[in-house]
Amino acid sequence: MSGKLMECVPNISEGRDKEIIQQIVNEVQNTNGANLLDVDPGYATNRTVITFVGHPDAVIEAAFKLIKKASELINMNQHNGEHPRMGATDVCPLIPVSGMDMQEVVKYSKTLGSRVGKELKIPVYLYEYSASKKHRRNLANIRQGEYEGLTNKVNESKWIPDYGSRDSEIIKKCGATAIGARDFLIAYNINLNTTSTRRANAIAFDIREKGRIARKNNKLTGEILKDKDGNTIWKPGSLKHVKAIGWYIEEYGVTQISMNLTNINKTPIHVVFDEVCKKANQRGVRVTGSELVGLIPLNSMLEAGKYFLKKQKRSLGIAENEIIKIAQKTMGLDEIEPFNPNKKIIEYKIKEKRKKLCQLSLTEFLQETASESPAPGGGSISAYIGGLGAALATMVANLSSHKRGWDDKWEEYSIIAESGQKYIQKLEDLVDKDTEAFNAILDAFRIKTNTKEDETLKQKKIQNATLNAINIPLSIMETSFQSMSIIETLVNIGNPNSVSDVGVAVLCARSAIIGGYLNVMINIKDYDNEDKKRAIIKKANKLKEDTIKKETKILKNVLQVINK
């Protein structure tokens, strides 16, 4: 899955009335592009945690509608519960999942905060990375005094809201909301082969950022050390951005290290797993597996899988699902219950339900192509053939990395295989994009017009769709031509027993490029911009000519190796 993806986890001050909760949740479900992942109500806390993800624009729209509906349905003057709170929507964090950096999320949080303050008049405090002042970064500081102390707090110079009104009637009904950008938090438990909570806690103290209370001579019963102001001194653990505690789970009959990983970019899950294994081993305890509580970003699983592959000196240029499987098995994520990537990885959980062409079986793909529908057609087939060429080259790179006696070269071939995987993924994506481009042209021609302005708009959409239908096969040509560089390299340094596969790879790449060329040339006839038209034709012709020369050279080298 590509593109920007942002998560939102608003906490609303209602955990008992199912009808009210559902009405608020409906605002998310009715927002196009926002994908609801979880609704977790708590009766004792009288609070519900709602989790959804999507493109940032859709997430911001859903979050605003949720905050608005919560302000209409929840009366803070009548609220009570065990959890600290200050508003109908108490807190609304925004978290980057993929394709975004934190600064971009901060901008979105300010956009949301400004809109809530301006349109709903609700007092808004920016927190975490979005905080306007240092003392507002910590949510606990903002929430101090809770709802009951809010009317006076908003008038203190130190606590004037970033956005919204200080009107006492609005505060009485809605309270205030904290909005901010924060890191993705993973709740993660590691299982131990012991029933001793004390030993589990000792390991937790070894690794967590807070560490343990410092004592004289580092002895458990030693005198507690204090600083010059009389404050207890803490000895930090080995991992930053990790909160941890040990506990016994009666249901499983084992202890766990229960952790919150608060910055997975700086302390990723695989580093945590390895460090717990190390500290447990030092105390005579074994790690038997682990479990994820909630969801994890795809990139975290891929990074973990690649980390463990590198330790094995194995090629990283393998399929995404195989990399995930390595991470899953190494960390024992399925020890307690089956680990389903489609349910535990955010991007997989929200992926499109529609089956893509490359997800069809080979027979289904053949018959779909053979059907009376004009798409998928030559462009999609060209992209698929190009993908096959890149896949064959990647296979040869992976085989070469495992060749007996070539152990010192595994990393070189791994880099080639990783490049091959990028070409495979790009061309696989272009299989569907070419079909979509053709369908977009048909849709543009079907637009009904009643006025001259309508007709002008229709023609503009037809031209835009036509240009896209030209650029897609042109991209197929460019990507397949780029893949020929690794094919050429493998003829010279790859496993000679697989050189015939490299030869077939270059034939596939050539066919993809010539096929892409034919589609560019047939579609460009209907394009009206003459300057762009000439530039595209020139580029396509050069790619075709360069391809034929390179294919001839590569095949000559392939035959030389075969005939040795």
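Per-structure values
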quantity: Using a Förster distance of 22 Å, the FRET efficiency for residue 157-residue 82 (Cβ separation, nearest 0.05); calculated: 0.10
quantity: Rounded tilt (10° steps) of 320-330 against the dominant C-alpha axis of the chain; calculated: 40
quantity: Fraction of beta bridges assigned by DSSP in the range 186-349 that are antiparallel (%, nearest 5); calculated: 95
quantity: Order by protection proxy (mean Cβ within 10 Å, highest first), peptides 303-310, 255-262, 120-127; calculated: 120-127, 255-262, 303-310
quantity: Percentage relative contact order, the range 5-181, counting C-alpha pairs under 8 Å, at least six apart; calculated: 26
quantity: Sequence-separation-based contact order of the range 186-349, relative, with Cα cut under 8 Å and 6+ spacing, percent; calculated: 26
quantity: Amide H contacts of residue 37 (H built 1.01 Å from N, under 5 Å, at least 5 apart or other chain); calculated: 51, 52, 53
quantity: Histogram of C-alpha separations across the range 453-563, 10 Å bin width, %; calculated: 14, 37, 23, 15, 8, 3, 0
quantity: J(HN,Hα) series, the range 169-181, from Karplus relation 6.51 cos²θ - 1.76 cosθ + 1.60, nearest Hz, glycine and proline x; calculated: 5, 5, 5, 4, 7, 10, x, 10, 10, 9, 10, x, 9
quantity: Vicinal HN-Hα couplings computed from phi for the range 273-279 (Karplus, 6.51 cos²θ - 1.76 cosθ + 1.60; Hz; Gly/Pro x); calculated: 4, 5, 5, 5, 4, 5, 5
quantity: For 413, 43, order by how many other beta-carbon atoms lie within 10 Å, fewest first; calculated: 43, 413
quantity: Equivalent ellipsoid dimensions for the range 82-230 as semi-axes, Å, which come from the Cα gyration tensor, largest first; calculated: 38, 21, 15
quantity: The chain - Kirkwood radius from inverse mean 1/r over Cα pairs (Å); calculated: 27.8
quantity: Cβ-defined net charge surrounding residue 294, 9 Å radius [Lys, Arg +1; Asp, Glu -1]; calculated: 0
quantity: FRET efficiency, residue 408 to residue 542 (Cβ-Cβ, R0 60 Å, nearest 0.05); calculated: 0.95
quantity: Cα gyration tensor, the range 357-562 - rounded (a/c under 1.5), prolate or oblate; calculated: prolate
quantity: Relative exposure of 285, 506, judged by other C-beta atoms within 10 Å (fewest first); calculated: 285, 506
quantity: Amide hydrogen neighbours beyond the local backbone of residue 7, cut-off 5 Å, H modeled; calculated: 95, 97
quantity: Calculated P(r) of the range 348-433 - Cα pairs past 20 Å, %; calculated: 47
quantity: Fewest-first sequence of 94, 518 by Cβ atoms within 10 Å of each Cβ; calculated: 518, 94
quantity: Mean separation of Cα contacts under 8 Å (6+ apart) over length of the chain, as relative contact order %; calculated: 9
quantity: Highest-first arrangement of 365-372, 14-21, where packing means the average Cβ count within 10 Å; calculated: 14-21, 365-372
quantity: Beta bridge orientation in the chain: antiparallel %, DSSP, nearest 5; calculated: 80
quantity: Whole-number D in µm²/s for the range 1-143 (Stokes-Einstein; Kirkwood sum over Cα pairs; 4 °C, 1.567 mPa s); calculated: 85
quantity: Theoretical FRET efficiency, 1/(1+(r/R0)^6), r = Cβ-Cβ of residue 463 and residue 26, R0 56 Å, to 0.05; calculated: 0.90
quantity: q = 0.20 Å⁻¹: log10 I(q)/I(0) that the Debye formula gives for the range 186-349, counting C-alpha atoms only; calculated: -1.29
quantity: Helix-only CD estimate at 222 nm, as mean residue ellipticity for the chain, using -39500 (n - 2.57) per DSSP H run (n ≥ 4); calculated: -17000 deg cm²/dmol
quantity: Cα-based Rg of the range 289-417 normalised by 2.2 N^0.38 Å, two decimals; calculated: 1.30
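Readers should treat all values here as calculations from the given coordinates under stated rules, not as data from a laboratory. Because the structure is a prediction, the values reported are computed rather than measured. In this analysis, Cβ positions are derived from the backbone assuming ideal geometry, glycine residues included, and neighbour counts consider all displayed protein chains.
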